[in-house]
1. Can you give the percent of C-alpha pairs in segment 342-393 whose distance is more than 15 Å?
2. Provide the descending list of Cα extents for segment 280-379 along its principal axes, expressed in whole angstroms.
3. Which value, in debye to the nearest 20, describes the size of the charge dipole of the chain about its Cα centre when Lys and Arg Cβ atoms bear +1, Asp and Glu Cβ atoms bear -1, and nothing else is charged?
4. What Kirkwood hydrodynamic radius do you get for segment 100-186 when you take the inverse of the mean 1/r over all pairs of distinct Cα atoms, in Å?
5. When the label point is put 7 Å from the Cα of VAL352 along its Cα-to-beta-carbon vector, which residues of segment 263-302 have a backbone N closer than 20 Å?
6. Go from 0 up to the bin containing the longest alpha carbon distance in segment 186-331, width 10 Å each, and give me the % of pairs per bin.
7. How big is D for the chain, in µm² s⁻¹ as a whole number, if Stokes-Einstein is applied with the Kirkwood radius of its Cα pairs at 25 °C and 0.890 mPa s?
8. Scan segment 339-368 for trypsin sites (Lys or Arg not before Pro) in coil per DSSP, keeping those whose Cβ has at most 14 other Cβ atoms within 10 Å, and list them by number.
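Since every read-out is calculated from the coordinates, none of them should be taken as a lab result. Since this is a predicted model, take the numbers as computed values, not measurements. Ideal geometry is used to build each Cβ from the backbone, glycine not excepted, and the neighbour counts take in all protein chains shown.
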Amino acid sequence: MKRKLFIWAQIVIAAALFGLVTANVLERLPEKEEKAKYIFLLIGDGMGATHVAATESYLSYKAGQLGGEKLLMTQFPCYGTASSYSYDKPITCSSAAATAIACGEKAYNGTVGLNGKGENTKSVAYDLQEEGYNIGIITDVPINHATPAGFYAHCKRRNDYYDISIQIPETGFGFFAGAGFSSFLGKDNSQEPTDAYLERNGYTVSYGQEEFKVESQGKDKMVFCQASNRREDAENYVSDAKMEEDATLAQMIELGLEYYGTDEPFFFMCEGGTIDWAGHDNRTMSMVEKVLDFDAAVKVAYDFYLQHPDETLVIVTADHETGGITIGCDGSKSLDWATLEKQWIESGRKNVLNDEENSALNTECGIGWTTSSHTGGHVPVYAIGKGAERFMGRMDNTDIKGKILNR
Ligand SMILES: [Zn+2]
């Protein structure tokens, strides 16, 4: 009996000591770091690690070297890699990937802002809005396309563009920018024009940079669209500025920065959507051009970070890889950027080859493409600034929301 009591006493003392020690350790743990005041999340749609490497290979060729030239994003100090599979497929579509990144939950391919059970998910943009952040949704493709939509909308079918557009007033987000809108007049071209609907519901829709600068004075809910897509469907390779008033992705971010200023915190989601489109078409030089455009947009965020280094977080990632691009194909160990570039420049930087001719040119020049769709490869994650270390190492795309919110 005495022995049993002795053992019990030992257990009680041990438990008490454990409690003390644990309390002590917890007390000494640093408090969770405050979030960055300014957050940029840049998503290169379809930009796998090899798209990035191929673009650097092209830059190295331009510098007369085999390698060594670097994009800005790849020089960020924190690097990770994210898996991208969706709720129902090993290979994701853009809307499921956007939902996973924005909302932290896997989604069925083809759906926007819904989890595997079909329930509405909550985008990180809404969490940050509740915390007082101004929100900017920016893309060089239509504002109602899959990636931007994943950050503000809920829809069973990603191609129900009009249904996505008319959810914009419910968001209360102050700044949307993009090429314009797909399905501008809705089903059968018979519904209220998208800009009219948005204007009737509290937004000002401006076409082109100058118009935006004038009309945004004193306004708190703005939509920027390319001047060349005035009151019509935006469906083309729209970052190819057709009019002077059109904006590149970098310029759209600058418009957003000017519009919001730095008094209040902000979160900008910025999508380079045309990388994916070039990937679907297996157009090597177009892809390179789009990655360079995207890196120029990264530079706007980076320059802002340099001005506010203690308060800014910049994250760059992709939603999936598109095209299954390889550097080297058919046993070749050489690349012929000169021929690829020559064809591209001579054709006015446009896709003039048919698919067969294009495929032959790629193979001849040592660039392989394995699919006209997406692949399931991991995507890169680059980060710099306050809290950037959270984006190092292996992660899943559903981890990104929590890392942004530092939860
Ligand atoms: Zn995508």
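1. 67
2. For segment 280-379, the Cα spread along each principal axis is 50, 32, 24 Å.
3. Values: 37 positive and 58 negative charges, 451 e Å.
Magnitude of the dipole: close to 2160 debye.
4. Values: mean 1/r = 0.0775 Å⁻¹.
When all Cα pairs of segment 100-186 are included, the Kirkwood radius is 12.9 Å.
5. Correct set: 278, 281-290.
6. 9, 32, 34, 19, 4, 1, 0
7. 109
8. Listed in order of number, the matching sites are ARG349, LYS350.
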